[in-house]
């Protein structure tokens with residue numbers, strides 16, 4: 001599936017695009033600002049990402065939404081969400097007048113990587129609509145890599161557990177970023193991207209978290225072996 005969508009994007013965007021695209025590893029590279037974690041920063045990031053992805057956002061309004069309230073038990077924190085599903089990372093609504101509303105999970109104001117990945121994902125969705133490209137989620141996650149945001153998305157594929165304690169109780173909370181792909185899939189996808197570009201130990205891999213870095217190295221070895229076998 002990843003190889004198929006990768007090939008589709010090369011045809012749509014062109015080989016030159018993937019070879020010349022920048023890879024971002026720090027939100028400051030995008031905004032030119034230190035991360036502040038407030039709504040004003042999110043709006044600036046939205047504008048900058050629109051420029052990089054080259055999509056018209058003049059008819060787009062970006063806002064934030066909050067997750068349903070947590071239910072706190074002595075044994076932990078249970079996330080409550082609609083129909084028992086995981087809380088949404090972002091929401092995309094297109095209106096009859098052509099305007100678009102993009103809503104980003106307010107909780108991502110505390111996580112710059114998730115904030116970048118979720119906004120970029122929805123702007124790529126918008127561009128796909130305009131261009132008549134696929135709106136399949138796997139396609140758009142591959143597109144995030146092509147536009148240079150793969151490191152942010154991959155690092156947030158790792159499931160993390162936060163623990164807390166107080167005077168009378170303690171608890172836990174499971175956290176995961178907006179991506180639907182596994183960390184192994186992200187490692188392979190970034191390996192595919194790196195090998196296609198002819199990169200040998202690119203500097204951006206230093207920004208990958210340990211689990212994704214390990215999956216990336218496995219992917220590179222597999223792709224090199226597969227290439228030599230052919």
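Side notes on the structure shown:
- Under the condition of being in contact with a helix residue (DSSP H, G or I) (Cβ under 8 Å, 6 or more places away or on another chain) and surrounded by 11 or more Cβ atoms within 10 Å (Cβ to Cβ), the residues counted in the stretch 23-45 number 15.
- Evaluated against (1) out of contact with any strand residue (DSSP E or B) (no Cβ under 7 Å at 6 or more places or on another chain); (2) assigned to a helix (DSSP H, G or I); (3) modelled with pLDDT of 95 or more, residue 83 falls short on exactly one condition, (3).
- Contacts under 8 angstrom Cβ, first residue in the stretch 94-115 being on the phi > 0 side of the Ramachandran plot, partner assigned to a loop (DSSP other than H, G, I, E, B), 6 or more apart: 98/59
- Just one of the listed residues (4, 48) is within 29 Å of residue 195 (Cα to Cα), under 18 Å from the mean Cα position of the chain (by Cα) and either modelled with pLDDT under 95 or assigned to a helix (DSSP H, G or I) (or both), namely 48.
- Selection within the stretch 198-230: residues that are surrounded by 14 or more Cβ atoms within 10 Å (Cβ to Cβ) and not in a helix (DSSP H, G or I). The member of this set that is farthest from the chain's Cα centre (by Cα) is 199.
- Hey, residue 11 closer than 17 Å to residue 153 by Cα and either without any contact (Cβ under 8 Å) to a residue 12 or more places away in the chain or loosely packed, with under 14 Cβ neighbours inside 10 Å (or both) or not: no
The values are calculated or read from the model by the stated rules, or taken from the named source; none is laboratory data. What you see is a predicted model; the values in this text were computed from it and never measured. Ideal geometry is used to build each Cβ from the backbone, glycine not excepted, and the neighbour counts take in all protein chains shown.
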